[in-house]
Amino acid sequence: MSINKVAVIGAGTMGAGIAGQVANAGVEVWLLDLPSEDNPNALAERGLDRLRDPNQPGLISKQAEAFIQTGNTRDNFNEISSCDWIAEAVVERLDIKKDLYKRLNEACHDQAIITSNTSTIPIRLLVENMPLAFRKRFAITHFFNPVRFMRLLELVRGEDTDPAIMDILDRFCEQQLGKGVVPCLDTPGFLGNRVGVFSIQCALHAAFELGLKPQEADALFGRPMGIPKTGVFGLYDLIGIDLMSDVVQSLVNILPPGDAFHVEAAKIPLMTRMIANGQTGNKQGKGFYRDGENGRQVLDLEEETYQSAPRLNLRIAEKAENEGVKHLVDDDSIYGRFAWRVLSRTLSYAASLVPEVGDDPVGIDDAMKLGYNWIKGPFELIDEIGVDYFIDRLQKDDMAVPEFLAQAQGSSFYRVHGNQLQSRRTDNHWRGIKRAEGIIRFSEKRLTMTPENSRDVASWYDLDGIALLEFHCKANALDADSMAMLSDAIESVEQKGMRGLIVHNDAQHFSCGVNLQGVRDFIRRDDLDGLDKFLADFQNIVHRMAHAPFPVVAAPVGMSIGGGFEVVLHAKQVICHANSVTGLVESLVGVVPGGGGCKETLYRWIELLKCEEDISKACWKAFMNLGYGKTATSPIIAKQQAMLRRNDRFMINRDRILSEAIAAIKNPVEQVAFVRPELALPGKPVFEEMCSWLQESRDRGLFMPHDVTVGSEMARIVTGGDVEAGTVCSEQGFFDAERRSFLTLVQTDATRERIETMLENGSPVRN
């Protein structure tokens with residue numbers, strides 16, 4: 001059976017998110033909720049409005065929205081009869097769910113699949129007293145919020161669920177909804193929330209016990225531990241302190257009395273007072289953090305007053321981020337004690353859940369990586385720290401050593417054997433990690449390979465006759481070594497007659513741009529010649545990639561912005577993720593794209609608008625994109641903004657991107673050559689129009705003075721500046737213009753101030 005029409009009942013945050021992702025897959029979906037008095041569909045329409053939130057859009061395009069129909073459970077319940085999957089996402093009350101299931105049993109066709117999004121009610125209770133035919137078609141599909149962006153789907157079967165139903169759900173959710181499906185047993189909290197919430201609570205209590213400030217705890221419980229940078233207090237604010245407290249209480253209610261979670265779930269009096277005072281986080285404008293008149297403020301946990309929150313640069317955190325979490329737990333400072341307190345309890349708790357939740361570590365590790373965006377799962381972290389070291393320290397602290405952890409003493413939880421990645425099972429045997437056909441995670445594949453050439457920031461591998469170049473450093477920021485590795489990969493493909501080149505990594509983000517610290521170093525040394533050479537080398541390498549006599553595919557995930565996007569722009573084909581974010585954002589720090597970004601933006605607008613004879617309109621489009629630092633939050637929007645070409649495409653499941661890129665290299669029918677002819681520039685008349693527009697916008701208070709300066713350089717590049725209309729410019733001429741403008745701007749005090757504040761405070765000053 002195939003799923004061609006879906007109904008989601010319950011238009012809250014989760015229900016709306018599920019409906020949005022179904023629509024993103026191009027499948028018709030009805031979003032239903034209870035009828036309201038004045039407007040019967042008001043609740044469902046409110047859910048649809050949440051999907052339109054520009055700060056976190058649940059839909060990849062306007063076209064996707066057309067697949068959603070809103071309605072209510074009184075007037076539109078008849079639509080259920082033609083739906084192949086009904087996803088229930090109503091309030092977590094068993095009586096309400098059971099009443100709904102009785103209605104569904106009467107309304108659904110006899111092949112329809114019914115699932116619940118619950119994570120707190122056992123499946124046996126949900127379907128008790130329901131007919132066997134209903135129970136066979138019932139399962140739990142537990143999505144994570146926000147549904148579009150969180151990759152994890154926990155799939156839970158009941159005692160009577162037909163295995164064929166599980167296969168259908170697995171296939172649909174993985175291939176069409178793009179989820180990493182993790183089968184779970186019907187245990188309390190399943191995998192993701194049970195370990196994830198436990199870790200958050202550990203960090204929260206550790207911070208209070210050790211007297212750390214929120215910004216100190218957040219600086220550690222983030223990237224240094226391989227966890228998203230939000231941190232524990234920032235995450236509480238983001239989710240909502242009241243809502244997060246409810247999540248904790250729900251786990252308290254369903255976990256057995258002896259579970260270690262109860263210790264970490266103890267209420268903190270300050271947080272109880274905060275909830276009563278309306279200090280519940282971002283939704284109320286104040287929680288542990290708030291925005292004050294002079295910038296961000298943080299709550300003093302003792303005084304319970306807000307104080308300024310300067311950005312912390314903890315050396316130990318930066319070192320751990322670069323060198324690994326072992327550096328943190330080895331440290332004997334209060335920061336090291338905090339890290340060990342959190343990691344020792346979290347990782348041993350995860351180990352204690354085996355075999356209750358499964359017979360190997362893969363499910364838990366996948367759940368934390370896909371549902372909580374951890375770089376490594378708990379067992380991967382234990383391997384990194386060292387199993388024997390970890391056990392020894394637990395014993396020194398008089399902490400229990402879980403049996404599954406003890407079994408791994410003298411060994412590890414993962415190993416490479418015969419070019420295959422294997423995981424340890426509870427019976428002490430090893431099992432190869434197998435993914436569905438077409439799924440390749442390079443983070444796993446890489447463990448079985450040796451790079452052909454490598455530096456700290458990038459490496460390239462021979463993937464069965466295809467060169468794969470991977471950036472791998474903080475934010476995958478690009479520097480001379482990154483580009484040297486790309487250059488070496490290009491040369492090697494040419495010299496060895498390899499099939500082609502793929503530029504890809506399995507990190508959270510493909511690349512957040514050129515290393516701004518490196519640019520600042522050039523400025524501080526007053527080495528403009530060195531900076532110019534770096535830019536020229538960058539341009540030369542991406543130009544060689546674009547014009548190489550072999551297939552070249554960029555396969556980015558996450559953010560590809562600034563210099564990272566300039567690399568993507570010069571691939572002959574892009575195969576990216578449906579959630580890829582692209583754009584040239586250099587104007588924010590007072591410079592112009594200097595690696596061919598301005599040039600490519602102009603040429604692509606000319607192609608999109610088909611205005612080769614008079615490129616003035618394309619010049620204005622490029623000027624606006626570059627000046628505003630526009631980004632596209634999906635590949636569909638990127639094509640509309642001339643950021644991707646007609647042959648570029650996307651995958652809804654990021655785990656399938658690499659296999660698609662390999663196929664594109666082997667069968668390069670979609671590859672499009674770069675044709676960058678000389679252009680007749682509009683010159684001085686259009687340049688002056690743009691400069692006047694910038695000045696008028698500043699006079700209206702829309703721009704700051706330096707925005708005008710930066711924008712004028714953007715205009716100079718795309719129009720030719722003061723040259724006569726009709727002056728011809730080559731591709732190399734645009735490269736040269738980019739470098740001239742870049743070097744002009746970095747000599748200004750205003751650009752230098754923007755770069756300094758970006759590096760020191762995390763955001764550039766407006767000047």
Mean Cβ-within-10 Å packing, highest first, puts peptides 657-664, 551-558 in the order 551-558, 657-664
Per-residue ellipticity at 222 nm for the chain, helices alone: DSSP H runs ≥ 4 residues times -39500 (n - 2.57), over residue total, nearest 500 deg cm²/dmol?
-13000 deg cm²/dmol
Residues of the stretch 156-198 with the amide nitrogen closer than 12 Å to a label point 7 Å from the Cα of Q111, along Cα-to-Cβ, please.
none
Taking neighbour counts of Cβ atoms within 10 Å as a proxy for exposure, in what order, fewest first, do K639, K179 appear?
K639, K179
For the stretch 248-358, just run the numbers: alpha carbon Rg, then divide by 2.2 N^0.38 Å, N being how many residues it has.
1.36
Counting other C-beta atoms within 10 Å, and keeping those with at most 12, which DSSP coil GluC sites (Glu not before Pro) do you find in the stretch 134-202?
E159
Percent antiparallel among DSSP beta bridges confined to the chain, nearest 5, equals 40 percent
Ranked packing of 346-354, 13-21, most packed first, by mean Cβ within 10 Å:
13-21, 346-354
Sequence gap at least 6, Cα distance under 8 Å: using those rules, report the relative contact order of the stretch 5-184 to the nearest whole percent.
21 percent
GluC sites (Glu not before Pro) in the stretch 308-385 lying in a DSSP loop, each with at most 15 other Cβ atoms within 10 Å of its Cβ, come to E356
Per-residue HN-Hα couplings for the stretch 339-346 [Karplus 6.51, -1.76, 1.60; θ = phi - 60°; Hz; x = Gly/Pro]:
4, 5, 4, 6, 6, 4, 6, 5
Output row, site A260, 7 Å Cα→C-beta label point, backbone N cut-off 12 Å, window the stretch 313-345, residues 341-345
To the nearest 0.05, what FRET efficiency results for N78 and E159 with a Förster distance of 30 Å applied to their C-beta separation?
0.45
Taking 7 Å along the Cα-to-C-beta vector as the label spot, tell me the K617-L312 distance in nanometres, rounded to one decimal.
5.4 nm
Which net charge results for the neighbourhood of G336, defined as the other residues with beta-carbon distances under 13 angstrom from its beta-carbon, given Lys and Arg at +1 and Asp and Glu at -1?
+2
Obtain the nm distance between the two label points defined at R393 and K283 by a simple spin-label model: each point lies 7 Å from its Cα along the Cα-to-C-beta direction.
3.7 nm
Among Y389, Y414, rank each residue by its count of other Cβ atoms within 10 Å, from fewest to most, as a rough exposure measure.
Y389, Y414
Consider the candidate values (1) 110, 67, 57; (2) 87, 72, 68; (3) 82, 63, 60; state which one is Cα extents along the principal axes in Å computed from the structure displayed.
(3)
Counting only DSSP loop positions in the stretch 536-644, the GluC sites (Glu not before Pro) whose Cβ has at most 16 other Cβ atoms within 10 Å are E612, E613
Please give the Cα centre distance for the stretch 482-555 versus the stretch 211-227, rounded to the nearest Å.
33 Å
Which whole-angstrom value gives the distance between the alpha carbon centres of the stretch 298-375 and the stretch 60-91?
40 Å
Place a point 7 Å from the Cα of D53 in the direction of its beta carbon; the residues of the stretch 263-282 whose amide N falls under 16 Å from it are 280-282
Per residue of the stretch 174-187, what does 6.51 cos²θ - 1.76 cosθ + 1.60 with θ = phi - 60° give for ³J(HN,Hα)? Whole Hz please, x for Gly and Pro, Karplus curve as stated.
7, 7, 9, 9, x, 8, x, 7, 10, x, 10, 7, 7, 10
Taking the Cα centre of each part, how many Å lie between the stretch 430-453 and the stretch 133-148?
29 Å
My understanding is that a pair violates if its Cα-Cα distance is over 24 Å; which of K179/K572; K62/K630; K610/K684; K434/K496; K179/K267; K572/K610 do that in this structure?
K179/K572; K434/K496; K179/K267
Summed side-chain charge close to P355 - residues other than P355 whose Cβ falls under 10 Å, Lys, Arg +1, Asp, Glu -1
-4
For the stretch 679-761 the translational diffusion coefficient, Stokes-Einstein from a Kirkwood Rh over Cα pairs at 37 °C and viscosity 0.692 mPa s, in µm²/s, is roughly 239 µm²/s
Just rank L153, L59, fewest to most, by other beta-carbon atoms within 10 angstrom.
L59, L153
Applied in sequence order to the stretch 217-232, the curve 6.51 cos²θ - 1.76 cosθ + 1.60 (Karplus, θ = phi - 60°) yields integer Hz couplings, x standing for Gly and Pro, of 4, 5, 5, 8, 7, x, 4, x, 9, x, 10, x, 5, 4, x, 6
Report the charge-dipole magnitude of the chain in Debye, nearest 20, computed about the Cα centre from +1 at each Lys and Arg Cβ and -1 at each Asp and Glu Cβ.
780 debye
Förster-model FRET efficiency, 30 Å R0, K434 and T120, C-beta, rounded to 0.05
0.45
Obtain the nm distance between the two label points defined at A133 and N253 by a simple spin-label model: each point lies 7 Å from its Cα along the Cα-to-C-beta direction.
3.3 nm
With the contact rule set at Cα under 8 Å and sequence spacing of 6 or more, what percent relative contact order holds for the chain?
8 percent
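Here, each number is a calculation from the coordinates, and none is a lab measurement. Keep in mind that what you see is a predicted model, and the values were worked out from it rather than measured. Note that each Cβ is placed from the backbone with ideal geometry, even for glycine, and that neighbours are counted across all protein chains shown.
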